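Asks: Pasting a structure here, questions to come.
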Amino acid sequence: MQQQMARDWEKIIKSLILLCFGSLLFYLVISGQLRIYINPRFTILTELAAAALFSMFVVQLFYSRSRQPDDHNAPRMWVYVIFIVPLALAVLLPGAVLDASVASSRGLSFNGGNLASAPLSQAFASGIDPGGSAGQQANDAGVSKSGTIQVTPDNFVRMVDAIGQSPEDYAGREIDMLGFVIRNKDFAPQEFGLIRFIITCCTADASPVGFILKSKDAVDYKDGTWINIQGVIEVDNYDQQVVPVIEATSIERAAQPSDPYVYP
Amino acid sequence: MLNTVRPQMKQMSFWLLLFILLLIAFLVIRFGGSSLASFKAVFLSIIIEALPFIIIGVFVSALLENFVSEEVISKFFPSNRYLGILLACLLGIIFPICECGIVPVARRLISKGVPLSSAVAFMLAAPIINPVVASSTAVAFFNNHAMVWLRLGLAFLVAYLAGLLVSFFVRGNQLNASVENETGGCGCAHEPVAASQSVTAKLGKTVVDASNEFFEMGKYLIIGAFPGALAQTFIPRQSLLSIGHQPLLSVIVMVVFAFGVSVCSSADAFIAVSFTSSFSRGALLAFMVFGPMVDVKNTLMLLNAFKPRFVILLILIIFFLVVESAFWINVL
């Protein structure tokens, strides 16, 4: 009798876990928070998963028979503790944005050619991207000879890549971009990195991408501070590589954007 | 018997929970609260990214169980072992199931009478030799398309040889007996598909089977994401770099790294490409071939589905095949 009760409980717990996972995915999609975990191009998969989880919930709760009395596998409640861990983390722990220390542990690279993102943007610009035409336009805009280069979340990957690949072509151009501060051990006091994380699939593959910035006020900005900068692109050597360096003309503190990552 | 097992499990869950809490407390004190947010971000992102794929996996498995009879499947696979394994290696092209969802499908194929060797070859090859992974690798290595062909070729070689070795040296189906009985949820996993059952009844049973298997496999995904997220958050990648160009050691380091981080096979090429300048080519290939075949979450699922001795044997076979061939790629 007691076992029968345990089995009913197991059924209810299973149903509740399915409902919670489905609701979590659904909530992440409608609240837009999914973007801080995975690249939004997988949104449709997450929606389908939520739908599947809801259908599993309904079937589990209303149609599945409880285990038969002759089933020798006792219900194992401890298993469900494992499923509750990620749910509890998602609900109870505030904030889920990668911090600056992760960027330095991932290894910084300021030469577009070395970045995971670089090849992506190239390939996308040449038409693999479903929105390939947009990529083509932005690429042309990047090559144009005059005006301030505005780095936005949409063109971030292409711009950083293009400038990193051939810094000479962009030397002397003005640039305007948002990012956060990060340092390597071997940076001079007036230098820091200005980067953002690029998410290809999920946060687990986030790679820090950006430029080296020079400013006499550099010491005022701690690692992880979000800033809006204007500056001029110059060419320099760093770690035996030719890299673009931005000589800052103005630095403004900014709030962390609600969408802190960029997606190729 | 039940009474002796239950308290043990309770104890285990208690210690597990205590361990997790202590570890998290230690990391918060050591690295500060914001690193906990990073950990949460990576941990949840691995799970959220993998959930759709594991759900696809358990649904394919449940559909196979309920709608495809054993005769159809055994007719599909040629009885000749060389041809059977060859076909299994290429099946991923039409069945692109990633490594999060492949183990339940492979297990289902075996319990439906597919030879162990073919099922193993399919399990190893499908997460790599499929259009999704091929194109993401091509995008990542856009200026080095040789890497795409090397990756696919190496995966094929490893899967084929592993399948062949299994077909010669391993007998029986190697499935865990206890699990075999459990898969159906109601202890009826081996009832033949009843032709008389209505489609609605079959569909209902498909969803029940899928959700049972979801719980069975999902827990390993969550446990596996844990060390993966720890490694991603707290191990500085520079610590790997000093050994990047030694032909053998670099390969072994990348294989161990692939085992630990548990990144999806459609994303790992982008991680590999970020190591291009600091790691040998063989090491990058080993990372992209070994990772989808064996990683923490996968190993846990394998241990659940197959006998432990067989899992260890299989991992050793894959390890030696991958390390050996990657080493030769480095040297030649």
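Asks: Could you look through segment B:279-302, keep only residues that are of a type in the set (A, V, I, L, M, F, W, C) and modelled with pLDDT under 90, and pick out the one that is farthest from B:A125 (Cα to Cα)?
Replies: Per the stated criteria, the residue is B:F279.
Asks: Quick one: count up the residues across segment B:68-97 that are over 26 Å from B:N298 (Cα atoms) and either within 14 Å of another protein chain (Cβ to nearest Cβ) or hydrophobic (A, V, I, L, M, F, W, C) (or both).
Replies: Final tally of qualifying residues: 3.
Asks: Any residue that is of a type in the set (D, E) and assigned to a loop (DSSP other than H, G, I, E, B) - is there at least one of those in segment B:285-296?
Replies: So in segment B:285-296, the residues of a type in the set (D, E) come out as B:295.
Subset that is assigned to a loop (DSSP other than H, G, I, E, B): B:295.
Yes, because at least one residue in segment B:285-296 is of a type in the set (D, E) and assigned to a loop (DSSP other than H, G, I, E, B).
Asks: Quick one: which of B:I235, B:I223 is surrounded by fewer than 18 Cβ atoms within 10 Å (Cβ to Cβ), within 14 Å of the chain's Cα centre (by Cα) and either facing chain A (nearest Cβ under 8 Å) or within 30 Å of B:A119 (Cβ to Cβ) (or both)?
Replies: Answer to the selection: B:I223.
Asks: One residue is enough: does segment B:298-318 have a residue meeting the conditions closer than 25 Å to B:N130 by Cα, within 23 Å of the chain's Cα centre (by Cα) and within 14 Å of another protein chain (Cβ to nearest Cβ)?
Replies: Yes, that holds for at least one residue.
Asks: Taking the stated definitions as given, is A:V232 touching a helix residue (DSSP H, G or I) at 6+ places or on another chain (Cβ under 6 Å) and either modelled with pLDDT of 85 or more or over 28 Å from A:N39 (Cβ atoms) (or both)? So that I can check it myself, show each step before the final result.
Replies: Numbers: touching a helix residue (DSSP H, G or I) at 6+ places or on another chain (Cβ under 6 Å): no; either modelled with pLDDT of 85 or more or over 28 Å from A:N39 (Cβ atoms) (or both): yes.
Criteria not met by A:V232.
Asks: So, B:T276, is that one buried (at least 22 other Cβ atoms within 10 Å of the Cβ), modelled with pLDDT under 80 and at the interface with another protein chain (Cβ under 10 Å from one of its Cβ atoms) or not?
Replies: Considered against the rule, which asks whether it is buried (at least 22 other Cβ atoms within 10 Å of the Cβ), modelled with pLDDT under 80 and at the interface with another protein chain (Cβ under 10 Å from one of its Cβ atoms), B:T276 comes out as no.
Asks: Please verify whether B:A41 is modelled with pLDDT of 75 or more, surrounded by fewer than 23 Cβ atoms within 10 Å (Cβ to Cβ) and within 7 Å of chain A (Cβ to nearest Cβ), treating the condition exactly as stated.
Replies: no
Asks: Shifting gears a bit: Which of the numbered conditions does B:V263 fail, given that it passes all the others? Conditions: (1) within 12 Å of chain A (Cβ to nearest Cβ); (2) modelled with pLDDT of 75 or more.
Replies: For B:V263, the failing item is (2).
Each row is one residue, and each column tells you yes or no for (1) of a type outside the set (D, E); (2) in contact with a helix residue (DSSP H, G or I) (Cβ under 7 Å, 6 or more places away or on another chain); (3) within 22 Å of B:F142 (Cβ to Cβ).
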{"residue": "B:V256", "(1), (2), (3)": "yes, no, no"}
{"residue": "B:F259", "(1), (2), (3)": "yes, yes, no"}
{"residue": "B:V263", "(1), (2), (3)": "yes, yes, yes"}
{"residue": "B:F275", "(1), (2), (3)": "yes, yes, yes"}
{"residue": "B:M288", "(1), (2), (3)": "yes, yes, yes"}
{"residue": "B:M301", "(1), (2), (3)": "yes, yes, no"}
{"residue": "B:V322", "(1), (2), (3)": "yes, yes, no"}
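Asks: Residues B:L165, B:L91, B:L152, B:L161: which one is over 18 Å from B:I329 (Cβ atoms), modelled with pLDDT of 90 or more and of a type outside the set (G, A, S)?
Replies: Only one candidate qualifies: B:L165.
Asks: Suppose we keep only residues that are loosely packed, with under 15 Cβ neighbours inside 10 Å and aliphatic (A, V, I, L, M) within segment A:16-47. Which one would you say is farthest from the other protein chains (Cβ to nearest Cβ)?
Replies: My answer is A:I30.
Asks: Here is a follow-up. Any chance segment B:94-111 includes a residue that's within 26 Å of B:A305 (Cα to Cα), at pLDDT below 95 and over 17 Å from the mean Cα position of the chain (by Cα)?
Replies: Checked against the condition, which is being within 26 Å of B:A305 (Cα to Cα), at pLDDT below 95 and over 17 Å from the mean Cα position of the chain (by Cα), segment B:94-111 yields at least one hit.
Asks: Of everything in segment B:124-140, what is assigned to a helix (DSSP H, G or I), free of Cβ contacts under 8 Å to residues at least 60 places away in the same chain and surrounded by 22 or more Cβ atoms within 10 Å (Cβ to Cβ)? Give them in sequence order.
Replies: Within segment B:124-140, the first condition is being assigned to a helix (DSSP H, G or I), and the residues that meet it are B:124-125, B:131-140.
Right, trim to free of Cβ contacts under 8 Å to residues at least 60 places away in the same chain and you get B:125, B:131, B:134-135, B:138.
Passing the criteria: only B:A125.
The values are calculated or read from the model by the stated rules, or taken from the named source; none is laboratory data. Quantities reported herein were computed from a predicted structural model and do not represent experimental measurements. When we count neighbours, we look across all protein chains shown, and the Cβ atoms used for this are built from the backbone with ideal geometry, even at glycine.
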